[in-house]
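The values are calculated or read from the model by the stated rules, or taken from the named source; none is laboratory data. Please read all numbers here as calculations on a predicted model, not as lab measurements. Here the Cβ is made from the backbone with ideal geometry for all residues, glycine too, and neighbour counts use every protein chain on show.
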Number of protein chains: 2
Amino acid sequence: MAFTYEFPRAALTVDCVIFGLDEACLKALLIKRGIDPFRGRWALPGGFVHVDETVDDAARRELREETGLQRVFLEQLYTFGDLNRDPRERVVTVAYFALVNLHDHRLKAASDAENAAWFDAADLPRLAFDHESIIQIALARLKGKVRYCPIGFELLPRKFTLSQLQRLYETILERPLDKRNFRKKVLQLDMLEELDEVETDVAHRAARLYRFNEAKYAKSTKQGFNFEI
Amino acid sequence: MAFTYEFPRAALTVDCVIFGLDEACLKALLIKRGIDPFRGRWALPGGFVHVDETVDDAARRELREETGLQRVFLEQLYTFGDLNRDPRERVVTVAYFALVNLHDHRLKAASDAENAAWFDAADLPRLAFDHESIIQIALARLKGKVRYCPIGFELLPRKFTLSQLQRLYETILERPLDKRNFRKKVLQLDMLEELDEVETDVAHRAARLYRFNEAKYAKSTKQGFNFEI
DNA sequence: TCAAAAGTGTTGAGCGTACACCCATGC
DNA sequence: GCATGGGTGTACGCTCAACACTTTTGA
């Protein structure tokens, strides 16, 4: 079976930049390519957009097929349409970025463990195609967006301590934050729910757990409020 | 001549949302469609991406061919990849948004004047395809971005008065700004060059003209400065 | 001389920032 | 009892917001 068009068409793909947060560093999930071109190089998970699925669905499908990740934060990043991105033929790719919580989402068996691995986002191996620049743009987007949107929580477990949250911002923004000011700020934003629980299994005083509360956040922002760290 | 592929491929297009600023309202440039589907409806200028041009180049080319506009601010907006955007077949479009200065850039003869017109962005006619939602997203992006990036100047003549600049922000942000505070703020951002000229042909005291100075802006921002209105 | 818009300072409130010590817990 | 991080308050400076009158010009 073959498909014929009057004019040549670019192939359309999706690629996903997947960020996770380790104790103290930001990680990106990469796949080792099993085929040419760039066989053996690390690359972003991704693949061709089927003609009968939306581009968003293609991104979610590739994410699931190549890494086993489902129901994670996923948002369109940018479309890369230069001419020689792929040595084989003209390929335009719509890049997405995903945020996952490394604790809840262990990589599933679906992804051949040999071929998927987390890398320190600040110390990446050589990548296939233009994936290096796609990741850089995703990093810039994350840094910018985390300051005015409550997306950082996607990188943490559902229940977290304020110290974890602070480390998250310090890691992403690459600068230290003052503990007292940070706590004052996030609590006054009135979007966290204080739980009657504390963390367990720590060798020091256990910290109180909090949970992001969508409804509270919506209410605060509706009152003309601006999330801003 | 025909082009054959193993799997069916979506067609790839670009569409441009073009904003201009009239005395007191934000305008969008639309094209009246001469062919089906949606013949006779207004639509965003755009067209197919050629296989031998980048997506950015395609956007610039379509802008030039359909409206005569060249050398204007143009930036990628978002990629729309839903299934039934176009009744003929699967079409994915990369949308761009452009900012033009209505005074310097009169529509050229290149664009059949009958078929291109500026509409009040707040009062658009029925549009073809999903172009209405593309414009809404472009508006949101403009509103957001104008507050932390000096892109508003693209909508004004090269030399402008502070009142024109203030009207620009008031129009885009849809709220009144205090004159003294506004002037204090933009001058202290140290990105405007005060000229030894005043506006002409006004029936009242002539206002001083200013010009956006890229170098000053770069210098100010490098000093850890943040543009923010 | 009138109309229309240009241009100009001050004050109070709230927010961001800087900063240091005691507390609870597990080992 | 000691090491480790959890948790808390205050003071200062700066930025933002509110606010009204005089000046210049052309008609």
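Results, tabulated for the structure shown:
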{"item": "Pairs, first within 14 Å of chain A (Cβ to nearest Cβ) and within 25 Å of B:ASP120 (Cα to Cα) in the stretch B:163-187, second more than 13 Å from DNA strand D (Cβ to nearest atom) and not in a helix (DSSP H, G or I), C-beta under 8 Å, six or more apart", "result": "B:LEU173/B:VAL146"}
{"item": "In the stretch B:99-121, residue modelled with the lowest pLDDT [restricted to those that are surrounded by 17 or more Cβ atoms within 10 Å (Cβ to Cβ) and of a type in the set (Gly, Ala, Ser)]", "result": "B:SER111"}
{"item": "Residue among A:GLU199, A:GLU214 that is among the acidic types (Asp, Glu) and over 13 Å from A:SER163 (Cα atoms)", "result": "A:GLU214"}
{"item": "Those strands (runs of 3 or more DSSP E) lying entirely in the stretch B:1-88 with at least 3 residues without any contact (Cβ under 8 Å) to a residue 40 or more places away in the chain, within 13 Å of another protein chain (Cβ to nearest Cβ) and surrounded by fewer than 21 Cβ atoms within 10 Å (Cβ to Cβ)", "result": "B:3-5"}
{"item": "Restricting the stretch A:210-229 to residues that are over 21 Å from A:LEU26 (Cβ atoms) and in contact (Cβ under 8 Å) with a residue 60 or more places away in the chain, the residue that is surrounded by the fewest Cβ atoms within 10 Å (Cβ to Cβ)", "result": "A:ASN226"}
{"item": "Helices (runs of 4 or more DSSP H) contained in the stretch A:111-229 and holding at least 1 residues polar (S, T, N, Q) and more than 25 Å from A:THR93 (Cα to Cα)", "result": "A:162-173, A:179-188, A:214-222"}
{"item": "Complete set of residues in the stretch A:186-198 that are near DNA strand C (Cβ under 10 Å from one of its atoms) and at pLDDT 95 or above", "result": "A:VAL198"}
{"item": "Any hit, the stretch A:11-27, residues being at positive phi and under 16 Å from the mean Cα position of the chain (by Cα)", "result": "no"}
{"item": "Exclusive hit being of a type in the set (A, V, I, L, M), within 29 Å of B:ARG60 (Cβ to Cβ), modelled with pLDDT of 95 or more and over 14 Å from the mean Cα position of the chain (by Cα), set A:LEU83, A:LEU77, A:LEU124", "result": "A:LEU83"}
{"item": "Residue within the stretch A:171-191 that is of a type in the set (Asp, Glu), within 8 Å of DNA strand D (Cβ to nearest atom) and surrounded by fewer than 14 Cβ atoms within 10 Å (Cβ to Cβ) present", "result": "yes"}
{"item": "Single residue of A:LEU162, A:LEU155, A:LEU142 found to be in contact with a strand residue (DSSP E or B) (Cβ under 7 Å, 6 or more places away or on another chain) and within 12 Å of DNA strand D (Cβ to nearest atom)", "result": "A:LEU162"}
{"item": "Residue under evaluation A:GLU6, criteria (1) at pLDDT 95 or above; (2) within 28 Å of A:ALA122 (Cα to Cα), criterion not met", "result": "(2)"}
{"item": "Residue that is within 12 Å of DNA strand C (Cβ to nearest atom), surrounded by 12 or more Cβ atoms within 10 Å (Cβ to Cβ) and at pLDDT 90 or above, where the choices are B:ALA203, B:ALA207", "result": "B:ALA207"}
{"item": "Single residue of A:VAL55, A:VAL100, A:VAL49, A:VAL94 found to be in contact with a Leu (Cβ under 9 Å, 6 or more places away or on another chain), closer than 18 Å to A:LEU156 by Cβ and β-branched (Val, Ile, Thr)", "result": "A:VAL100"}
